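Visitor: Quick one: the structure is below, and I'll ask about it shortly.
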Amino acid sequence: MGCALVKPLISDSQTNLENIRAMAYKEVDKFIDLLAPLLEKSATPTLQEMSAHFMQTRSVLLGGIMKTLTEEVTSQYREETHADCPHCGKRVQRKRFDPKHVSTLNGEFDLKRGYFYCKSCEKGFHPMDEALDLAREVHQYDMQEKMALFTAAMPYDRACELFTQATGLTPGKHFGHDNINRIGELTALETVIPDKEEIERRIESAKNGSESLPVLVVACDGAHAPTRSKSGRSKRGKGKWREVKGFRLYLLGEDDRIIHIAGWHQILDSEQLAKDLEIVAERIPQDKVRIALLGDGADWVWSVMTRSFPKGRQVLDYYHMSEHVNKVAKLQYGDTLAALEWKEATITRLFLDKTGYVIGGLRRMDAISTEAKEEIRKLEQPSRL
């Protein structure tokens, strides 16, 4: 049972409109007073200056009208003295009015909502909150949705800066960070990855009429990140490093254009990561793509990916491949010119897609130590170059 049933307006729509119109005129008067600086200028204000002034002050007008409209459509909630408890259905009496400051894309204003308390359930509620679908935070859902679009695409400070330029509102630097964190806490893997139909549509887009199957890249890695617990009322104390593991899947479209499929990164172990990747793999028609498993060479990385994509080809990423080549050169030739020459020649051959020459050379190489032999073994696997 919800907190309150949405109640119809008590008066007819024409009366409602007349009430709103009368209050809106007062808000327009306030807004027009704010235009004085433009008229006091000796020079004629440019169109850009007038537009910028409107952007900075329009929330006064729109916020006032929003408040008037909100009060008009919720007048029945302010007048009610009793309401049904949403938990047990018991009829309870209003205790008081609670103020709430709300911030929307159209401005800020204050509301008064009736507060009811059920002694049987020992819980309080505001029927108007559910009727208006108010967010618990000051910034309402329209603000949160718009800010999420910015913060998901760029750093927080830049997102807040562009948000202010686009809306004329200044929600504060912490809003973007807190907002995207709340979204992240509520996000589940099943909700962020596309469904089967959408993935197949993207596969067809990657093919672009070609008979060849497009390449699906499955990349997996882990990295240590600094973490600190939430402070509460005490000091946060020293933080600690924890490993963040994750994967990303994308298609290579025409002209090697990247077509995103899914991305997921969490603080978890490799077993849970493997289970998460299996959920994504179930939605991918693996017979319609050529699968490349991109990793850094760690055994757990290949294990996680091959569990979901057993027919995928393991590919060592370029930077880690360069590290492995450098390690083999150092272990086999030491700090010599021969080591540098072999390393540069090997990387050049790989760049020119001469993988067979590199693998053949590694297999013919007579390792001078057990350590060098192991590094050569890791590097020479043909499916990983």
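Visitor: Using a simple spin-label model with points 7 Å from Cα along the Cα→Cβ vector, what separation in nm is obtained for Lys90 and Asp366?
Guide: In this crude label model, Lys90 to Asp366 measures out at 9.2 nm.
Visitor: Tell me the relative contact order for the chain as a rounded percent, counting alpha carbon contacts under 8 Å between residues six or more apart.
Guide: Normalised by residue count, the contact order of the chain is 9 percent.
Visitor: About the Cα centre, and with charges only on the beta carbon of Lys, Arg (+1) and Asp, Glu (-1), how big is the dipole of the chain? Nearest 20 debye, please.
Guide: Magnitude of the dipole: close to 1240 debye.
Visitor: Using the Kirkwood radius over C-alpha pairs as Rh, can you work out the diffusion coefficient of the stretch 13-134 via Stokes-Einstein at 4 °C, viscosity 1.567 mPa s, in µm² per second?
Guide: Diffusion coefficient, whole number: 76 µm²/s.
Visitor: Once amide H atoms are built 1.01 Å from N in the peptide plane, which residues 5 or more positions from Lys123, or in another chain, come under 5 Å H to H?
Guide: Amide H neighbours of Lys123, under 5 Å, 5+ apart: Cys118.
Visitor: Counting other C-beta atoms within 10 Å, which of Asp335, Asp157 has the fewest, and how do the rest follow?
Guide: Placing the least packed residue first, the sequence is Asp335, Asp157.
Visitor: Going down the list Lys30/Lys67; Lys30/Lys146; Lys245/Lys311; Lys240/Lys373; Lys100/Lys123, which pairs span over 25 Å between their C-alpha atoms?
Guide: Among Lys30/Lys67; Lys30/Lys146; Lys245/Lys311; Lys240/Lys373; Lys100/Lys123, the Cα-Cα distance tops 25 Å for Lys30/Lys146; Lys240/Lys373.
Visitor: In nm, to one decimal, how far is the modelled label at Tyr319 from the one at Ile258, with both set 7 Å along Cα→Cβ?
Guide: 1.2 nm
Visitor: Within the stretch 82-174, list the GluC sites (Glu not before Pro) lying in a DSSP loop whose Cβ has at most 15 other Cβ atoms in a 10 Å radius.
Guide: Here the GluC sites (Glu not before Pro) that fit, given the DSSP loop and packing criteria, are Glu122, Glu137.
Visitor: Please list the non-local residues whose amide H lies under 5 Å from the amide H of Ala292, H modeled 1.01 Å from N, same-chain partners needing a gap of 5 or more.
Guide: Amide H to amide H, under 5 Å and 5 or more residues apart or across chains, Ala292 pairs with Leu216, Val217, Val218, Arg313.
Visitor: Can you compute the equivalent ellipsoid semi-axes for the stretch 142-186, i.e. the square root of 5 times each eigenvalue of the Cα gyration tensor, sorted largest first and rounded to whole Å?
Guide: 16, 10, 9
Visitor: So for the stretch 13-134, averaging the separation of alpha carbon pairs under 8 Å that are six or more residues apart and normalising by length, what relative contact order in percent results?
Guide: Worked out over the stretch 13-134, it gives 21 percent.
Visitor: Please report, to two decimal places, log10 I(q)/I(0) for the chain at q = 0.07, 0.08 Å⁻¹ as given by the Debye formula with identical point scatterers on the Cα atoms and no solvent.
Guide: Debye curve over Cα of the chain, log10 I(q)/I(0) at q = 0.07, 0.08 Å⁻¹: -0.59, -0.72.
Visitor: If neighbour count is taken as other Cβ atoms inside 10 Å, put Arg283, Arg21 in order from fewest to most.
Guide: Arg21, Arg283
Visitor: Whole angstrom only: what separates the Cα centroid of the stretch 313-340 from the Cα centroid of the stretch 157-174?
Guide: Measuring centre to centre over Cα atoms gives 47 Å.
Visitor: Quick one: Leu316, Leu352, fewest Cβ neighbours within 10 Å first, how do they rank?
Guide: Leu352, Leu316
Visitor: Right, here's the next one. Per the helix-only calculation at 222 nm, which mean residue ellipticity applies to the chain, given -39500 (n - 2.57) for every DSSP H run of n ≥ 4 and division by its residues, nearest 500 deg cm²/dmol?
Guide: It lands at -15500 deg cm²/dmol.
Visitor: Under DSSP H, which helices of the chain have Cα atoms covering 18 Å or more of the helix axis and a Kyte-Doolittle average no less than -0.5?
Guide: Length and hydropathy pass: 47-73, 337-351.
Visitor: About its Cα centre, how strong a charge dipole does the stretch 142-186 have in debye, to the nearest 20, once Lys and Arg get +1 and Asp and Glu get -1 at the Cβ?
Guide: 80 debye
Visitor: Could you tell me the convex hull volume per residue, in Å³, taken over the Cα atoms of the stretch 192-330?
Guide: 149 Å³
Visitor: Residues with amide H under 5 Å of Glu80's amide H, sequence separation 5 or more or different chain, H placed in the peptide plane at 1.01 Å from N; which?
Guide: Residues meeting the amide H criterion: none.
Visitor: Which residues in the stretch 195-228 place their backbone N less than 16 Å from a point set 7 Å from the Cα of Asp287 along the Cα-to-Cβ direction?
Guide: Hits in the stretch 195-228 for Asp287 at 16 Å: 200, 213-214.
Since every read-out is calculated from the coordinates, none of them should be taken as a lab result. Here the structure is a predicted model, which means the values were calculated and not measured. As a convention, Cβ positions derive from the backbone with ideal geometry for all residues, glycine included, and neighbour counts pool all protein chains shown.
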